[in-house]
Amino acid sequence: MNKVWLIIQREFLNRVQKKSFLITTILVPLIIPAIMGVLVYVMIQEVNEAKPDTLQVLDESQLFKLESNKRLTIVPVSGSIVQVKAAYMESDDFGLLYIPPAESIGDITGITLYTKESQSPEKVGNVTSMLTDLVKDSKMEKYNVDKETLKDIRTTEVNLQEINLSEDGQEQSSNTQIKSGLGMALGILIYMFVLIYGIQIMQGVIDEKTSKIVEVIVSSVKPFQLMLGKIIGIASVGLLQFIIWIVLIFGVTTSVLGYFGLKMPQQQAMEQVIESTSDEEVKEVIAKQSNQGPEFLQNLSLIP
């Protein structure tokens, strides 16, 4: 066992003292927050510099009362669809929305958005959201449905708490979703760990075989002891590096975003969705989902 321990020490110290280990251990935690910082900066610049897109609207049904908002500037146009298309192609406007004739909003089919090039899902979603809200309001008015009543019905949710009972009668929170997510994340980490550091073990064996050192080592230790020592030694290096990465990435990212008063990109995207929709039900559901982060962390600490 003493020989195995010596091999573990040799593998561990040889790799920890290499410049490549120090460089990768320090640079990786800096690169990831840097990438996040660039993404956040780009998102903030896009939000600050964003101007309302001009949308031409040819409404042959005369049923939609589209109004401009901070994301879309509505410009009504008239004429045949061919003439309007030709005029649109000569303009710098974002798109042309064509609404065909219909007797009621519920009967309208074939609404088309013409654009000069493929647009982002966010921009197309702004138009879709505007039309959807108008159709909803029209149908609610048609069937005499009160908005507050519908909102109260749609947002009703039953919170079911799952409790595990042990053999001695003790109760403990189940946290099934958290455990499943944690298991998946750890599975991915194990796969990465085996892939990255398995290659290092193979490379270490090849290097020793090439330099003839293995002949001297095998003469004093068994092949099983040699391989066991190499696996444990290199695995220890990988485990140390992963721990350092997790601590530094979390610390640096939290410090940078906290210092500049920035929010995580996912939270910013969530707030943009809330701002872009006028549906109060959607806003309430999204806001509720975005507030589940602290609860997730609290439940995570309770996992046995």
A correct Karplus calculation of ³J(HN,Hα) over the range 191-199, with 6.51 cos²θ - 1.76 cosθ + 1.60, θ = phi - 60°, whole Hz and x for Gly and Pro, returns 4, 5, 4, 5, 5, 6, 8, x, 5
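Cross-link list Lys116/Lys142; Lys123/Lys147; Lys116/Lys139; Lys19/Lys209: which exceed 30 angstrom alpha carbon to alpha carbon?
Lys116/Lys142; Lys116/Lys139, as the Cα separations exceed 30 Å there.
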The extension gain from Leu39 to Gln161, computed as 0.36 nm times the residue separation minus the Cα-Cα distance, is 40.2 nm
For the range 52-152 the translational diffusion coefficient, Stokes-Einstein from a Kirkwood Rh over Cα pairs at 20 °C and viscosity 1.002 mPa s, in µm²/s, is roughly 147
Unit-weight point scatterers at every alpha-carbon of the range 124-168, Debye formula, q = 0.17, 0.23, 0.31 1/Å: log10 I(q)/I(0) is -0.67, -0.89, -1.05
Given 29-39, 161-171, 102-112, the highest-first ranking by average Cβ count within 10 Å works out to 29-39, 102-112, 161-171
The rounded separation in angstrom of the Cα centers of the range 1-71 and the range 108-134 is 29
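On a full-extension model of 0.36 nm per residue, what is the gain between Ile31 and Ile246, subtracting their alpha-carbon distance, rounded to one decimal in nm?
Net length gain for the segment: 76.1 nm.
Rule-based calculations on the coordinates, nothing more; no lab input. Predicted, not measured: the structure shown is a model, and the values here were computed from it. Neighbour counts run over all protein chains shown; Cβ positions are idealised from the backbone, glycine included.
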